[in-house]
Structure formats: C-alpha cells, structure tokens
Amino acid sequence: MATIPHYTPNDFMHEIEQVPPQYLPQLFQIVHIYKESITKKACLDSFEQSWQQAIAGNTMPISELWEDIDAE
C-alpha cells in the first residue's frame, strides 16, 4: 500500500517561489479552481447524503430542528 506524502505549507511556498513570475497567474487560477472543486464536492456529498436520508424517511419535523440550539 502506498503512503501519502506529507507536505507542509513551507513545501508549497518553496515550490511557488521557483515558478517564473509570468506563470504565476496561471498557477493561481489552477489553485483557485482546485479549491472550488473540492468545496463543491463536499457540498454535493452532503446534499446527496441528506437526500438519501429524506428518501429513506429519516427526517425530523421542522419544529424539532432548532431544539437545543441557543440563540444569543
């Protein structure tokens, strides 16, 4: 089984510092698109799980959703 390498923020900074300045806009765009895609995937996964729970009848009345939540 392959191990997942561990990178620190300094490892990333070191790599970025070696990118020629004219390519930084493209690198920024790649990082930004990647970040958006993983955020959207997490959101989609959460929605999919909630949808499956609703289909299975695993729901709560709205009146109970806010119980135990303290409003300040």
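The values are calculated or read from the model by the stated rules, or taken from the named source; none is laboratory data. Owing to the predicted nature of the structure, the values given are computational and were not obtained by experimental measurement. With ideal geometry, Cβ positions are generated from the backbone for all residues, glycine too; neighbour counts draw on all protein chains shown.
Scanning segment 14-25 for residues that are in a helix (DSSP H, G or I) and either surrounded by 10 or more Cβ atoms within 10 Å (Cβ to Cβ) or more than 23 Å from the chain's Cα centre (by Cα) (or both) yields His14, Glu15, Ile16, Glu17, Pro21, Gln22, Tyr23, Leu24.
The set of residues from segment 39-62 being at pLDDT 85 or above and among the small types (Gly, Ala, Ser) comprises Ser46, Ser50, Ala54, Ala56, Gly57.
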